[in-house]
Each structure stands twice: as C-alpha cells, then as structure tokens.
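What follows is calculated from the coordinates using simple rules that are stated; it is not laboratory data. Please read these numbers as outputs of a predicted model, since none were measured by experiment. FYI the Cβ positions are ideal-geometry reconstructions off the backbone, even for glycines, and counts take in every protein chain you see.
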Amino acid sequence: MAIIVNLDVMMAKRKMSLNELASKVDLTLANLSVLKNNHAKAVRFSTLEAICKALDCQPGDILEYVPGEDTEE
C-alpha cells in the first residue's frame, strides 16, 4: 500500500496514548490499532476528522503517499 499512516508519530508528538485517543474519537482500541499499524484498507472521513480534531493536526500530518511502496500482500 502506498499510503502510510503516521498516526503513531502524531500521537507521540501530542504525548497521547492509544487508549486516550480511542476514547476521544469514540473508536474501539482494536479498530484504532488496525489504523495505527497500517493494516486498514479504508478510513471514513468522519473518523479522520475526529482524529485530526483530537490531535489538533491536518490529515496530511497523519497520511503520507509514498510512490513505489507497495506492501499489499
């Protein structure tokens, strides 16, 4: 997958745990973990919006396009 999720980087910058973020965005810990570990196939805009609001960031701070990085199995 050429889209890399840098959620862990933003969480570290904001000193926020996965549990705290999951609570703020009203997602299960398991679903947020799937996103954080780059295993998600899709993300809803409403979820992305909630994450950006909780972390006070832009979508581009979390999502990164890397050409040629095809890690899909």
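Computed per residue of the chain from DSSP H runs no shorter than four, each worth -39500 (n - 2.57), the mean residue ellipticity at 222 nm is -13500 deg cm²/dmol.
Extending 7 Å from Cα along the Cβ direction at C57 and again at V9 yields two label points whose distance is 0.8 nm.
Sorting 12-19, 34-41 by their mean Cβ neighbour count within 10 Å, with the most densely packed peptide first, gives 34-41, 12-19. With a simple spin-label model that places each label point 7 Å from the Cα along the Cα-to-Cβ direction, the separation between M16 and S46 comes to 1.9 nm.
Considering only alpha-carbon pairs that sit under 8 angstrom and 6 or more positions apart, the relative contact order computed for segment 3-65 is 55 percent. Taking 0.36 nm per residue of separation and subtracting the current Cα-Cα distance, fully stretching the chain between Y65 and N31 would add 10.1 nm.
Which of rounded, prolate, oblate describes segment 3-65, given a ≥ b ≥ c as roots of the alpha-carbon gyration tensor eigenvalues and a/c under 1.5 marking rounded, otherwise prolate only if a/b is larger than b/c? Rounded is the answer for segment 3-65, as its axis ratio a/c remains below 1.5.
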